[in-house]
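Undergrad: Handing you this structure, nothing more for now.
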Amino acid sequence: MIVLPIAKSEEDDTPQEWSLFELNGELLPSNKDTEGDHMEFGMIELDGDGKTAKITIASHELKGKVEVLKQPFIVMRPCKRPITDTEASETTAEGVSKKQRSGYEVAGIVKSKILFDQYPKSIMR
């Protein structure tokens, strides 16, 4: 059995709250829209009550709703942490080992999703 430690981020004690972005269908980006491994969609506009959302992608306007997830989940990212055991070999003067072990840190908590499940409205420009 392999034990991988899970810790909170050292940068901030409070994990970020994230939301899922759920679309029905497929997005096919043009070559000019992509930079590396991400694609920019545009801005999501929320109503005053925070229960409905709207986004414009190219010449289509999508309307959706914000739903709270029944069971929130966490997003983790891999990290390397120094072994702080004083009994470990090759210990420096600060008491931190030169060796590192693999683990995960919590990057964020997903508590809601924005669901765009209606047909898009075409916008003539």
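Any read-out appearing in this document is the output of simple, stated calculations on the displayed coordinates, not a laboratory observation. Given the structure is predicted, the values throughout are model-derived calculations rather than measurements. Glycine gets a Cβ as well: all are built from the backbone with ideal geometry, and neighbour counts include every protein chain shown.
Undergrad: Residues in the range 110-125 near a label at Ala58, defined as backbone nitrogen under 15 Å from the 7 Å Cα→Cβ point?
TA: Answer for this model: 120-125.
Undergrad: Here's something else I'd like to know. Rounded to the nearest 0.05, what FRET efficiency do Asp117 and Arg77 give with R0 = 30 Å and r taken as the Cβ-Cβ distance? Could you check?
TA: Efficiency at R0 = 30 Å is approximately 0.50.
Undergrad: Now a separate question. Say each of Val110 and Glu40 gets a label point 7 Å from the Cα, pointing the same way as Cα to Cβ; how far apart are those two points in nm?
TA: In this crude spin-label approximation the distance works out to 2.4 nm.
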